[in-house]
Amino acid sequence: MIEPDTIKLLRECDAGVKMGAASIGEVLDAVQNGNFKERLADCKQAHEALDHELQGMLDKYHDEGKEPSPMAKGMSWMKTNVKLGMDPSDQAIAGLMTDGCNMGAKYLHKYLNQYKAADEDSKDIAKRLIRLEEQLVSDIRQYL
């Protein structure tokens, strides 16, 4: 029998990885520093690769996954565009990305704690996504 916690955790990871890739995509063209832009592009690519892996796991359970909530997407889009409209600097982008990554990691930790009965493969993918978010925060501190 499939543990419901496994599918629930995978769904949350699915929404999180999609939100992360979309958020990076929103700011990528505005980044001026080449190294910063490259780091964001690499992270977006890593999110997309993880999403592909997640889709395979979800397919195994005949589940369609989960899109980020329209409210979360809308609020993120609005915050990003308002902030960058007032200050389109790399420093502002690094701040937005740091806030987003911290929020994503926070929620993923919450879901890991909430869905304790999830299988080890789904826990592993959640932990890898958390590490990806935390690594990006560390890598872009120099642009804050």
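Values computed for the structure shown
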item: Electrostatic dipole magnitude of segment 1-112 [Cβ: Lys, Arg +1; Asp, Glu -1; Cα centre; debye, to 20]; result: 340
item: Estimated distance in nm for a label pair at S138 and D59, the labels positioned 7 Å out from Cα along Cα-to-Cβ; result: 3.3
item: Structure-based [θ]222 nm, the chain - -39500 (n - 2.57) summed over DSSP H runs of at least 4, per residue, nearest 500; result: -27500 deg cm²/dmol
item: Residue among L50, A92, S138 farthest towards the positive dipole end of the chain, charges placed on Cβ; result: A92
item: Share of carbon and sulfur in the accessible heavy-atom surface of the chain [1.4 Å probe, %]; result: 53
item: Angle between the chain longest axis and helix 90-114 axis [Cα atoms, degrees, rounded to 10]; result: 10
item: Degrees between helix 4-27 axis and first principal axis of the chain (Cα, 0 to 90, nearest 10); result: 20
item: Normalised contact order of segment 1-52, rounded percent, pairs of Cα under 8 Å and 6 or more residues apart; result: 45
item: Volume in Å³ per residue [convex hull over Cα atoms, computed for the chain]; result: 92
item: 0 to 90° range, to nearest 10: angle between helix 34-60 axis and the chain longest Cα axis; result: 20
item: Label-point gap, in nm, between M71 and L84 - each point 7 angstrom along Cα→Cβ; result: 2.5
item: Listed peptides 38-48, 9-19, 68-78 by packing density, highest first (mean Cβ within 10 Å); result: 9-19, 38-48, 68-78
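The values are calculated or read from the model by the stated rules, or taken from the named source; none is laboratory data. It should be emphasised that the depicted structure is a prediction, and the values quoted were computed from it without experimental measurement. In this analysis, Cβ positions are derived from the backbone assuming ideal geometry, glycine residues included, and neighbour counts consider all displayed protein chains. Please note that ligands, DNA and RNA were not included when accessible areas were found on the heavy atoms of the full protein model with its side chains. Shrake-Rupley method; radii C 1.70, N 1.55, O 1.52, S 1.80 Å.
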